[in-house]
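The structure appears below as structure tokens.
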Amino acid sequence: MLTSTTALALAGTALTIHEVASLRALLARELATRAAILAANSTAALAFQNPEDASQVLAGLRTDPSIMAAALYDEHGGLFATYPLGASAPLVPASSGAMGNRLEHASLLVTRPVVEGNHRLGSLFLRSDLRALDERVRVQVMAILLAVLGSIGVAFALSTWLQGGIARPIRILAETAKAVLDRKDYSIRARSVSDDELGVLAEGFNDMLAEIQRRDAELEQRVADRTAALEASNKELEAFSYSVSHDLRAPLRAIDGFSKALLEDCGEKLDEVGTKHLDRVRGATRQMGNLIDDLLNLSRLSRAELRRERFDLGSVGKEIAAELRRAQPERQGVQFVIAEGMKVDADSQLLRVVLDNFLRNAWKFTSKHPAARIELGQKTDGGRRIFFVQDDGAGFDMAHANLLFAPFQRLHRQSDFEGTGVGLATVQRIIHRHGGELWAEGAVERGATFSFTLSEAKS
């Protein structure tokens, strides 16, 4: 409606300006034509220098009330005759001026030469009142104003009708869409207020909401079913863990216990080969027990809830290093370098498992070096903090780096370095649960570096 009113007002203004200009141009042409006729009728009076004839010619202007004054000038520019008789400045100029048309106050002035053949006898001056023009302009403006007001009324009535037939259904659809978006309630429906294309659109919109609601219900049911299945799987996993923890450990404890009793009670009857065989049985039993422990730890990590807190990785690293030194005090050639100020927001128990694996691996894989260096530190790269554990021990071949974090995969022989192959898989799962990344770099007999990142805790 505002656009229509503005357009009509601009059109009316332009039409008024055009009409005023057209009327002025028409008046100027009419006055110039009359001046040309009077100039032609005045040639004899000027040629014979007869002021009385000139006054009679000008007196014919009395029939036109818009002519205010007129004057004839001789060839020298002197005043020769006037209308009305005896008129003087400022009604008529005292001498002839430049030829042409001009506006002066509320009057239109026209000056034309009076010629006979190629000889100029003088000039004619006319002063026309513009009040008639103003009256005609007022009439035209009123007509245009009425037309514009009528058009605005029609536009208002039309827009009101269109609003009821088009804008209102669209507004209802928009309000329904906003309500669905704000409340996430797909049971809302749009009211259909017409049976035309907009009514079809409203029905289609309602059908779309119904389809989304149906799919949403199906998705919720699927989520509920899968949640129930997951809970059942977790219960089965817990039952399996209990079975592993108790039912599998019992035979292992029996094997280890009877092997030990056999060595203690019948050791004198066994030769050296028999004793070594029993030692290997007991070693395999312990290895199996360690593997069961690692598998249980790995399975628990998938179910344990993260408990983030602020703590210092360096402090945890120092505690683990002290434990390693107490376990093997003879390894005085190992140097631990642990950085300060490594504060993180993470699960302290799970991160202790990570550092324990890394530092024990570094301790283990430097065991064949009399002097070794193990470093726990941090650095920044592209704005992110990277923590690392670096050693100068046995290292590994980068061609097999993809096997490092896979369960039961080992890059060294069991006879060289003991292990179950589950520790780094456990570490990887912990780092991923913290939203971080984990990678390793190394070279054979030149050490290894294990690096990881941790996501910041969301506030």
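The values are calculated or read from the model by the stated rules, or taken from the named source; none is laboratory data. Please read these numbers as outputs of a predicted model, since none were measured by experiment. FYI the Cβ positions are ideal-geometry reconstructions off the backbone, even for glycines, and counts take in every protein chain you see.
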TODO: Name every residue in the stretch 17-60 that is closer than 18 Å to Gly122 by Cβ, among the hydrophobic types (A, V, I, L, M, F, W, C) and surrounded by fewer than 19 Cβ atoms within 10 Å (Cβ to Cβ), in order of residue number.
DONE: Ala32, Ala36, Ile37, Ala40, Ala44, Ala47, Phe48, Ala59
TODO: Please work out if Val148 is in the same structural domain as Ala44 (by TED's automatic domain parsing), surrounded by 13 or more Cβ atoms within 10 Å (Cβ to Cβ) and among the aliphatic types (A, V, I, L, M).
DONE: no
Open item on the list: Just checking, does the stretch 106-125 include any residue being touching a Pro at 6+ places or on another chain (Cβ under 9 Å), aromatic (Phe, Trp, Tyr) and assigned by TED's automatic domain parsing to the domain that holds Ala7?
Closed with: yes
Task: Which numbered condition Ser233 fails, given (1) at pLDDT 75 or above; (2) over 30 Å from Thr5 (Cβ atoms) - done: (1)
Task: Cβ-Cβ under 8 Å pairs, at least 6 apart or on other chains, the stretch 79-98 side free of Cβ contacts under 8 Å to residues at least 12 places away in the same chain, far side crowded, with 16+ Cβ neighbours inside 10 Å - done: Ser88/Thr82
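Test Ala70 against the criterion of being small (Gly, Ala, Ser) and at pLDDT below 80, and give yes or no. Walk me through it before giving the result.
Values: small (Gly, Ala, Ser): yes; at pLDDT below 80: no.
Judged against the criteria, Ala70 is not a match.
Whether any residue in the stretch 347-367 is in contact (Cβ under 8 Å) with a residue 12 or more places away in the chain and over 24 Å from Arg429 (Cβ atoms) is what I want to check.
We begin by selecting, within the stretch 347-367, every residue in contact (Cβ under 8 Å) with a residue 12 or more places away in the chain; these are 347-367.
The next check asks that each one be over 24 Å from Arg429 (Cβ atoms); those that pass are 366-367.
Looking for residues that are in contact (Cβ under 8 Å) with a residue 12 or more places away in the chain and over 24 Å from Arg429 (Cβ atoms), one finds at least one in the stretch 347-367, hence yes.
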Open item on the list: Can you find, within the stretch 303-358, the residue that is surrounded by the most Cβ atoms within 10 Å (Cβ to Cβ) among those that are under 48 Å from the mean Cα position of the chain (by Cα) and aromatic (Phe, Trp, Tyr)?
Closed with: Phe358
- [ ] Please state which one of Ala346, Ala322 is assigned to a helix (DSSP H, G or I), in the same structural domain as Val427 (by TED's automatic domain parsing) and more than 18 Å from Ala448 (Cβ to Cβ).
- [x] Ala322
Open item on the list: What's the number of the only condition in (1) modelled with pLDDT of 75 or more; (2) within 30 Å of Glu218 (Cβ to Cβ) that Ile152 fails to meet?
Closed with: (2)
TODO: Could you grab me the full set of residues in the stretch 125-145 that are surrounded by 13 or more Cβ atoms within 10 Å (Cβ to Cβ) and under 17 Å from Ser66 (Cα atoms)?
DONE: Phe125, Leu126, Arg127, Ser128, Asp129, Leu130, Arg131, Ala132, Leu133, Asp134, Arg136, Val137
Task: Subset of the stretch 359-388 (residues that are of a type outside the set (A, V, I, L, M) and either surrounded by 21 or more Cβ atoms within 10 Å (Cβ to Cβ) or part of a helix (DSSP H, G or I) (or both)) - done: Arg360, Asn361, Trp363, Lys364, Phe365, Thr366, Phe387
